[in-house]
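> If you scroll down you'll find the structure; I have some questions about it.
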């Protein structure tokens, strides 16, 4: 696969964990603790061989700059769930955070519908994460439902946003 997304591999593990542990990423994640090497390795061992999952690295200007995950890729309903995070520190230092964010969202949507053949693409976002919700709206996602989810022992409101093929 060429273009802005490529499959993650073992050489990406350290950078993925570094990006995922950035305080800004953790603050808007559904799991907020700092992920250690053993926990990260165990996650990778599970997802890398799971036929229902994809872990991709987003390339911005040819450089690794984010991670996109998909699950449900083998579901008969073709309802795919996704999530993502960026190299906040590196992209911000280069003044490329917003362009990379837009590029990642565009590439992930295209991958879900064109490569995976998804009928629907959806994901969870904390209601407090207004920039991501605004970005999703910009790309045509709609709010399907709101619910509470416990994070670090406290309830947080979550929004499920979704788009369907052709919308």
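The values are calculated or read from the model by the stated rules, or taken from the named source; none is laboratory data. In this text, all values refer to a predicted model and were calculated from it rather than measured experimentally. Because the Cβ atoms are built from the backbone with ideal geometry, glycine has one as well, and the counts that use them run over all protein chains shown.
> If you take just the strands (runs of 3 or more DSSP E) that sit entirely in segment 1-119, which of them hold at least 3 residues that are under 17 Å from residue 131 (Cβ atoms), under 17 Å from the mean Cα position of the chain (by Cα) and in contact (Cβ under 8 Å) with a residue 40 or more places away in the chain?
79-86
> Go through (1) in contact with a helix residue (DSSP H, G or I) (Cβ under 9 Å, 6 or more places away or on another chain); (2) surrounded by 13 or more Cβ atoms within 10 Å (Cβ to Cβ) and name the single condition residue 30 misses.
The number of the failed condition is (1).
> Here is a further query. State whether one or more residues within segment 33-46 are surrounded by 13 or more Cβ atoms within 10 Å (Cβ to Cβ), in contact with a strand residue (DSSP E or B) (Cβ under 9 Å, 6 or more places away or on another chain) and within 25 Å of residue 160 (Cβ to Cβ).
no
> Every residue in segment 140-167 that is assigned to a strand (DSSP E or B) and out of contact with any strand residue (DSSP E or B) (no Cβ under 7 Å at 6 or more places or on another chain), please.
Within segment 140-167, 150, 151, 154 meet the criteria.
Results for (1) over 16 Å from residue 20 (Cβ atoms); (2) in contact with a strand residue (DSSP E or B) (Cβ under 6 Å, 6 or more places away or on another chain); (3) modelled with pLDDT under 95, shown as yes or no for each residue.
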| residue | (1), (2), (3) |
| --- | --- |
| 66 | no, yes, no |
| 75 | yes, no, yes |
| 79 | yes, yes, yes |
| 84 | no, yes, no |
| 88 | no, no, no |
| 98 | yes, no, yes |
| 107 | yes, yes, no |
| 120 | yes, yes, no |
| 133 | yes, yes, no |
